[in-house]
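First the structure, in the form of structure tokens, and then the observations on it.
The values are calculated or read from the model by the stated rules, or taken from the named source; none is laboratory data. What you see is a predicted model; the values in this text were computed from it and never measured. Because the Cβ atoms are built from the backbone with ideal geometry, glycine has one as well, and the counts that use them run over all protein chains shown.
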Amino acid sequence: MPVTSPIEIQYSIAIGTARAQRKGTGAKGITIVQGGDAGTAEGDFATSLIWSSRKGNELPLLLIVTNNRYGISTPYAGQHGYDHISDRGKAFNMPTAVIDGNDPEAAYAALETALHYVRTERKPYLLEAMVSRLRGHSSASGANPVKEEIDCIERFERRLEERNLMTRSQMDALKEKYTAELGEAAKRIRTEPQPDPRSVYDFVFADKNYVAGEQ
Ligand SMILES: Cc1ncc(C[n+]2csc(CCOP(=O)(O)OP(=O)(O)O)c2C)c(N)n1
């Protein structure tokens, strides 16, 4: 699900696509939805826990929460009464996990396990990734770098060097290559035409020719 501007409504939208993919529909796809820790205090997150876990009607939904322990400037303790957001999944009989989201290897392994479960069981899984908050949220909380936080890219680069998998200069060259590529893409996008206002409802509702149950 694409992340939305009003936080967390992607969790409600995810129920729709996951319902189309649930067991018995013949669909093999799954829905993956992601949001932040503070957003889980919105009702849409609770709605997705309820709708995805109903007995006999479970949905193939991977719920990912990236927990950086802040909602703009509100710390975790001011928002939640439980130690981990993933604990909420336990009340809905879904498997849960908490991982170090700053560690790409741990994240890869945890995603593999979670994806395998959702794809084969066609049931929901709640994964909580503990991540850094490298900068303030915006001007609302000051957008300066937060020095005490772990920079996951720097840490991973050190690991690659220690294991002799990549050298500093190889990593610098990669960074330069992708920075240039993204810079070019950003320039190109500015030259693209604006979307036609008549397309505002495209892909919001099922196509008007769509008939439930048919391909
Ligand atoms: C429905 C709604 N309420 C309030 C906001 C204002 N707002 C924007 S981001 C944010 C906090 C998000 O925190 P979190 O979900 O932890 O995500 P993070 O930005 O830390 O990744 C809030 C309250 C919003 N965008 N939408």
Check on Val33, at pLDDT 95 or above, within 16 Å of the ligand (Cβ to nearest atom), in contact with a Phe, Trp or Tyr (Cβ under 6 Å, 6 or more places away or on another chain) and not in a helix (DSSP H, G or I): yes
With the first residue restricted to the range 42-59 and required to be farther than 11 Å from Pro124 by Cα, and the second required to be part of a helix (DSSP H, G or I) and within 16 Å of the ligand (Cβ to nearest atom), Cβ contacts under 6 Å at 6 or more apart or on different chains are Asp44/Tyr11; Asp44/Ser12; Phe45/Tyr11; Thr47/Ser12
Among the residues of the range 85-108, what is the count of those that are under 26 Å from Glu154 (Cβ atoms), out of contact with any Phe, Trp or Tyr (no Cβ under 7 Å at 6 or more places or on another chain) and not aromatic (Phe, Trp, Tyr)? 10
Restricting the search to the range 84-105, which residues are more than 16 Å from the ligand (Cβ to nearest atom) and either closer than 30 Å to Gly24 by Cβ or more than 16 Å from the chain's Cα centre (by Cα) (or both)? Asp87, Gly89, Lys90, Ala91, Phe92, Asn93, Met94, Pro95, Thr96, Ala97, Glu105
Restrict the check to the range 73-81 and report whether at least one residue is touching a strand residue (DSSP E or B) at 6+ places or on another chain (Cβ under 7 Å) and more than 13 Å from the ligand (Cβ to nearest atom). no
Report yes if some residue within the range 14-32 is crowded, with 19+ Cβ neighbours inside 10 Å and over 15 Å from Val118 (Cβ atoms); otherwise report no. no
Subset of the range 125-161 (residues that are of a type in the set (Phe, Trp, Tyr) and either within 16 Å of the ligand (Cβ to nearest atom) or assigned to a helix (DSSP H, G or I) (or both)): Phe156
Any residue in the range 150-166 that's of a type outside the set (A, V, I, L, M, F, W, C): show its pairings with residues that are surrounded by 13 or more Cβ atoms within 10 Å (Cβ to Cβ) at Cβ separation under 6 Å, as long as the two are six or more apart or on different chains. Glu157/Met171
Determine the pairs where a residue that is part of a loop (DSSP other than H, G, I, E, B), located within the range 1-12, has a partner that is of a type in the set (Val, Ile, Thr) and more than 9 Å from the ligand (Cβ to nearest atom) with Cβ atoms under 8 Å apart, the partner being 6 or more residues away or on another chain. Met1/Ile13; Met1/Thr17; Met1/Thr31; Met1/Ile32; Met1/Val33; Thr4/Ile13
